[in-house]
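Right, one structure below, let's go through it.
Just so it is clear, none of the values below were taken in a lab; they were calculated from the coordinates. All figures in this text were calculated on a predicted structure; none of them were measured in a lab. Counting neighbours? That spans all protein chains shown, and the Cβs are built from the backbone with ideal geometry, glycine included.
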Amino acid sequence: MLVWSGQAVSLVGSAVLRFAFIIEVWSTGEQATAVTALSLCALLPQALFSPFAGAIIDRMRKRSALQIADVIGLATIGALTLVHFFGGGLEPWQVYPATVLLGIGAAFQLPALTAAIPLLVRKDQLGRANGLLAGARSAAGICGPALGGIMVALSGIGAVLVVDLVSYAFALIGIRVVRMKGDKVPEGAGAPRTKIVAEAVEGLRYLFRQASLRDMTVNFCTVNLVMVFGFAVIQPMVLLKSGNGALAAVNSAIGVGGVVGGLLMAAWGGPRNRGRGMMLGIVGMCVSAQIGMSLVGGVAGWCVAMLIGSLLMTVVNASMQAIVQTKVPQDWQGRAFGAVMFLSQISVPLATAVSGPLADQVFEPQAADGSGVFAVLGPLLGDEPGSGMAGMLFLAGVAGLAVALWGLASRSIRHIDVLLPDIDEESGRKGGEKDDAVRA
């Protein structure tokens, strides 16, 4: 709970700043490309640095690894605060390099935090703990946009920077106070080590030695590629159709859905068949948050669609994390989670990079003219501003649904809990070794 409370406060501060950054770059020209470029600055470094961060995490105490992320955030926001108050004000272009640094910090935070959870709770409580942490991230989605919109309107981005600075300091205090059972420097830490790059590659190889983990990760990578192609244009679509107030409402609905999903996981613990549960959750996400989001009109419909999708996303992510936490040895979890993040998210920057220009230069003009794919989609989605981005969202939902059904049909994913037994904590055997023995 100490870790949870510190991370929750930090996430709220970051969500406030993220919303302020979106408004800052949107104000320079109201282009979807500017918003998606900001997302790219956060996602690309996080994906690329994750394998190396995982290798570094496995060389140190998890407490120390968690502090790296918060120190990076504290230093970055501290520098922005000094520039804003003592350097003549913050320029919109300065948001982009700061977002890159925060993305590097996130590359350390997520693998370290997920690897630390087994040191804080029993194995049978992993689903619940993952759900609570996911709920904390979603709670930030409720408070962040609303608070960010108010603070930007009343006091500008300076107050937002100060709030985020204090939130990082609070998170650091929580990590310093908590005690993690079994948190120690890995054995052989003083011996000569292979290079970080080699250890990062070993994390990738570990996943691909396990058929079920490999198939699950490849499926997540493909799902992210097609779904993020649509998700990346939700914010500019809402801004174009209804303005800042509607975006705050939609982002808050995403947060509400995540909180409800987190509370559901905390009380329930997740589906008994985690592989099947993950795939069914992705099917629901595609139907609600993408296909449904593209078809409904108005703020109320958008909020309902995104609330359902966010709830399901929390269940999917918490289940996936619990699978890795129970199937991978503790001294490999940093590298494993770093590899999972890299493989599942490397497609996200690619989709984000192309979605903005496609929205501005292809889909929006086609929607207005009724040409291209809108010769078919036009009667469903209309021809007003924002309809082109709605078409991208619809197509992404259809493609994501097909990928999810492929995963549901895959036995190695659907029955991952049976095919890949849990780690034997006493003997320390890896899941792959145990699985090979069973097959033999």
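Laid out as a table, the results:
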{"item": "Alpha-carbon Rg/Rh ratio, for segment 113-218, with Rh computed the Kirkwood way", "result": "1.09"}
{"item": "Mean projected area (nm²) of the alpha-carbon convex hull when segment 66-173 is viewed from all directions", "result": "7.3"}
{"item": "Segment 1-156 - Rg over Rh from alpha carbon coordinates, Kirkwood radius", "result": "0.99"}
{"item": "Distance histogram in 10 Å bins (all Cα pairs of segment 179-271, percent per bin)", "result": "12, 18, 29, 25, 14, 3"}
{"item": "Mean-position separation - Cα centroids, segment 202-281 and segment 145-182, in angstrom", "result": "24"}
{"item": "Point-to-point label distance, Val166-Ala153, nm (Cα→Cβ direction, 7 Å offset)", "result": "2.1"}
{"item": "Most positive-pole-ward Cα, Ala115, Leu133, Gln46, against dipole of segment 34-173 from beta carbon charges", "result": "Ala115"}
{"item": "Lysine pairs with alpha-carbon atoms under 17 Å apart, the chain, spacing 8 or more or separate chains", "result": "7"}
{"item": "Stokes-Einstein translational diffusion, segment 44-83 - Kirkwood Rh over all Cα pairs, 0.890 mPa s, 25 °C, in µm²/s", "result": "217"}
{"item": "Dipole in debye (nearest 20) - the chain, about Cα centre, beta carbon charges: Lys, Arg +1; Asp, Glu -1", "result": "1480"}
{"item": "Cleavage-rule hits, chymotrypsin sites (Phe, Trp or Tyr not before Pro), segment 45-117, DSSP coil, Cβ neighbours within 10 Å at most 14", "result": "none"}
{"item": "Anisotropy class of segment 1-72 from Cα gyration tensor, a/c 1.5 cut", "result": "oblate"}
{"item": "Farthest toward positive dipole pole in the chain [+1 Lys/Arg, -1 Asp/Glu at C-beta], among Thr326, Val71, Trp4", "result": "Thr326"}
{"item": "Span-like helix ranges in the chain, DSSP H, alpha carbon extent 18 angstrom or more, Kyte mean at least 0.5", "result": "2-26, 32-57, 62-86, 95-116, 126-155, 157-177, 196-209, 211-231, 244-268, 299-327, 387-409"}
{"item": "For the chain, the spread of Cα positions along each principal axis, largest first, Å", "result": "64, 55, 40"}
{"item": "Separation in nanometres of the label points that stand 7 Å from Cα toward Cβ, at Val354 and Lys184", "result": "5.0"}
{"item": "Where a label projected 7 Å from the Cα of Val398 along Cα→Cβ would reach, residues of segment 294-328 with amide N under 18 Å", "result": "294-296"}
{"item": "Cα convex hull volume per residue for segment 250-339 (Å³)", "result": "99"}
